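The values are calculated or read from the model by the stated rules, or taken from the named source; none is laboratory data. On a predicted model such as this, the values are computed, not experimentally measured, just so you know. Because the Cβ atoms are built from the backbone with ideal geometry, glycine has one as well, and the counts that use them run over all protein chains shown.
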Amino acid sequence: MHTLEEVLRDLSGRGFVNIEIKVPGHEKTVLELARTTLKKETFLFSSFLPDVVATYRALAPDVPAIWIVAERMTLEDELNTIHRVHGNGIAFYHELITPELAGFFKIHNVPLFTWTVNDLAEFRRVVELGVSGVITDEPRLLAEAK
């Protein structure tokens, strides 16, 4: 098993890194590791936990942090949550990205991200809808779409 530091060192310089935080309590340590192993403009934090997003925004206002929506609410409640935690964006599972959802967050100037897109046709669909970023397990495949 590899440590987080080993993984981040291996990824350094190889693309943009989404550091997804699943358990609260280690934000400072993870931030320090990210800052010492990755260039600032090459990573962001994400979490299903709004309070973790808020913590990263307070600790590192210069590093993007996005909220990953696990359980749907009304669009207004989702917007209120992202504003409350000062998140830099919001992420939904790719099958949930519709023209209405994309339009709502575009009107409110909230960058929209999606996960986990591993299919070229689906990648093109969500890009056409205006997502700001795509989380994938297949970066080489999606790079072909350029």
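Of note:
- Pairs are defined by a Cβ separation below 9 Å, a sequence spacing of at least 6 or placement on different chains, a first member in segment 54-67 that is without any contact (Cβ under 8 Å) to a residue 24 or more places away in the chain, and a second member that is basic (Lys, Arg) and surrounded by fewer than 17 Cβ atoms within 10 Å (Cβ to Cβ); the pairs so defined are Asp62/Lys40.
- Among residues of segment 100-146, those that are more than 23 Å from Leu79 (Cβ to Cβ) and of a type in the set (Gly, Ala, Ser), counted: 3
- Evaluating Asn109 against the criteria (1) in contact with a Leu (Cβ under 7 Å, 6 or more places away or on another chain); (2) surrounded by fewer than 17 Cβ atoms within 10 Å (Cβ to Cβ) leaves one unmet condition, (1).
- Segments classed as strands (runs of 3 or more DSSP E), wholly inside segment 34-146, with at least 2 members that are among the β-branched types (Val, Ile, Thr), in the same structural domain as Arg14 (by TED's automatic domain parsing) and under 12 Å from the mean Cα position of the chain (by Cα): 65-68
- Within segment 63-81, considering residues that are aliphatic (A, V, I, L, M) and out of contact with any helix residue (DSSP H, G or I) (no Cβ under 8 Å at 6 or more places or on another chain), the one surrounded by the most Cβ atoms within 10 Å (Cβ to Cβ): Ile68
- Residue in segment 96-113 that is farther than 18 Å from Ser132 by Cβ and among the charged types (D, E, K, R) present: no
- The single residue among Ser12, Ser46 that is of a type in the set (Gly, Ala, Ser) and more than 17 Å from Ile135 (Cβ to Cβ) turns out to be Ser12.
- Number of residues in segment 1-33 that are under 16 Å from the mean Cα position of the chain (by Cα), surrounded by 14 or more Cβ atoms within 10 Å (Cβ to Cβ) and outside any helix (DSSP H, G or I) equals 5.
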